[in-house]
Amino acid sequence: MASSCIVKILETTEIKPSTESPNFASESTLPLTLFDAYWFQIPPVERLFFYNLNDLTPADFSSEILPKLKHSLSLTLHHYLPIAGSLKWPSHAPKPFISYTPNNGVSLTVAQSNADFHRLTGNGIYEAVELHPLIPHLKSSDDSASILALRITLFPGKGFSIGITAHHTVLDGKTTTMFMKSWAYLCKQRNIQNSHQLPPELTPVFDRDVIRDPTGFDLDVLYLNQWLTYTIGNKSLKVSTDKGAAPNLVRATVTITPEDFKKMREKVFSKSLDTSKTLHLSTFALTLGYVSSCIVKARGGAGDRIACLAFTADCRSRLDPPISETYFGNCNVVPSDISKARGYMDFENGFAFGAEKVSNMVKGLKEKGVFEGAKDRLTPFFELAKEAAGSVQMITVAGSPRFDLYETDFGWGRAWKVVVVSIDKNEAISMAESRDEKRGIEVGLALKKPEMERLLNVFLKDVV
Ligand SMILES: CC(C)(COP(=O)(O)OP(=O)(O)OC[C@H]1O[C@@H](n2cnc3c(N)ncnc32)[C@H](O)[C@@H]1OP(=O)(O)O)[C@@H](O)C(=O)NCCC(=O)NCCSC(=O)CC(=O)O
């Protein structure tokens, strides 16, 4: 494994929203909703988009690519003004809020790397920390945290990457990826000087009044208080630089094809623990059920540890009434299930066990609504955090196979590889549409090396 790679910072700058609009506000704030407050103190999401441009020279990069990316970023920020601002929690304020002014900008670093572009963008194993120099960091202090940071890295003769770090208390995956697509859209316009408008599907909606709390529990305050109880009163907005488990992990990508899904469905039906139920066997449910059983099996052990399975569900279309698909901010809930690991480890039934768990959780959202049990949604995570090391295996999902990330084309072709770097902090997995397989799903993994090798050795062999 090459760990002698050098990343040289070429430029550190701040990109401000373009001021070419009569509607440019002087200074504004946005409150956090209950959905935002849920994510308070959750580490930022780090994602990398790689673009493959053979023969890309430093001269072409700095004279053509970089100016276009910077200019279109400024135009994009004009549509997403809060992103250039920060999350604030002054001592006199009861709750944190988003603040932005015309003078705010997003931090952008430009770098050059001699790392092996093709290895880092391949599906095979490499060390998780190798991606870290390509990711920017949010600026933060006790009472303020930036919302987004960007790093563009040139790989001479290979291409470039765009690293994006997003504050989860402000942006969910839907909003972050919509921002990236908006930036790509404006960058790709041929006559960039004249193309400032975004199509409706990329135009963010900032109206906070659409988010209502039907529970009577004031969930925004409740979640913040639960966080403060958990962190023993830590109101600080300082973003942790803890790399979590990453230094001991390797990464790899696995892909599940439509043909695999067909066989997986048949297998779950034949093994289903309760065939009388109508299972929700979407490609998402099959993927998460299957990969969960693989990860738990790969860790091995006796099976009496706790396995906590959790994923994020987008609530924009699930609220009553539904809200705009382009609503800006968090709008999601996290269903979770706590079981003994042995359920997933059973050689014959582990996969069906996992798929049924996911199926039940997705169906639960439909049958019971997204606010069922809302006041206790954070509690299991805080309780599990108190358990002894090694006695809990968490399986959570970043990203979604609905984000169409590979179509994020800035004008130099679709993305060559997209990875969620931050899955390496807590052994989460990531999901995206497959780059190569139409209607396939690719899963990003970050595991200890022996576990990764065990998993890759058997992956899909038991269903195909
Ligand atoms: C809860 C879910 C995961 C469950 O997904 P499922 O696919 O099992 O179930 P479903 O009812 O949504 O969909 C059933 C079938 O209809 C298809 N389908 C439904 N709606 C669709 C849409 N809008 N676009 C494309 N396909 C759609 C599904 O692909 C699936 O078919 P088929 O079986 O053929 O596929 C999902 O509904 C959801 O909310 N996804 C978004 C999750 C999300 O936002 N994650 C990001 C978290 S933030 C984060 O992690 C940070 C970050 O990313 O930055």
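The figures follow:
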item	result
Which of 378, 73 has the fewest Cβ neighbours within 10 Å, and the rest in rising order	378, 73
For 187, 294, 308, order by how many other beta-carbon atoms lie within 10 Å, fewest first	308, 187, 294
Over 24 Å between alpha carbons, listed pairs 263/438; 16/188; 297/340; 181/449	181/449
Hydrodynamic radius of the chain per Kirkwood, over alpha carbon pairs, in Å	23.0 Å
Amide proton proximity set for residue 159, modelled H, under 5 Å, gap of 5+	53, 56
Peptides ranked, highest mean first, by Cβ atoms within 10 Å: ranges 443-456, 237-250	443-456, 237-250
Pairwise FRET efficiency - residue 404 versus residue 448, Cβ, R0 = 30 Å, nearest 0.05	0.45
Radius, Kirkwood style, for region 32-89 when every pair of distinct Cα atoms is counted (Å)	14.9 Å
Gain on full stretching of the segment that runs from residue 139 to residue 234 - 0.36 nm per residue minus C-alpha separation	32.4 nm
Where Rh is the Kirkwood radius over Cα pairs, Rg/Rh for region 204-261	1.19
Region 320-464 - convex hull of alpha carbons, volume per residue in Å³	173 Å³
CD proxy at 222 nm, helix term only [per DSSP H run n ≥ 4: -39500 (n - 2.57); per residue of the chain; nearest 500]	-8000 deg cm²/dmol
Region 81-226 - convex hull of alpha carbons, volume per residue in Å³	194 Å³
In nm, spacing of pseudo-spin labels at residue 59 and residue 213 (7 Å Cα→C-beta vector)	6.0 nm
Relative contact order of region 5-229, pairs being alpha-carbon contacts under 8 Å that are 6 or more residues apart, as %	32 percent
Region 141-286: Cα Rg divided by the 2.2 N^0.38 Å rule of thumb	1.52
Potential lengthening between residue 123 and residue 461 on full extension [0.36 nm per residue; Cα-Cα distance subtracted]	119.9 nm
Antiparallel DSSP beta bridges within the chain, as percent of all bridges there, nearest 5	80 percent
Measure of compaction for region 43-153 (Cα Rg per 2.2 N^0.38 Å)	1.29
Estimated D of region 281-398 in µm² per second, where Rh is the Kirkwood radius over Cα pairs and Stokes-Einstein applies at 25 °C, 0.890 mPa s	162 µm²/s
Stretchable slack from residue 363 to residue 342, in nm (0.36 nm times residue separation minus alpha-carbon distance)	5.2 nm
Ranked list, fewest to most other Cβ atoms within 10 Å of each Cβ, for 62, 430, 74, 391	391, 62, 74, 430
Size descriptor, Kirkwood hydrodynamic radius, that averages inverse alpha-carbon separations across region 358-398, Å	12.2 Å
Average Cα contact separation per residue, the chain, under 8 Å, 6 or more apart, as relative contact order %	21 percent
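Bear in mind these aren't lab numbers, they're just calculated from the coordinates by the rules spelled out. This is a predicted model, so every value here is computed, not measured. Positions of Cβ are backbone-derived with ideal geometry, glycine not excepted, and every protein chain shown enters the neighbour counts.
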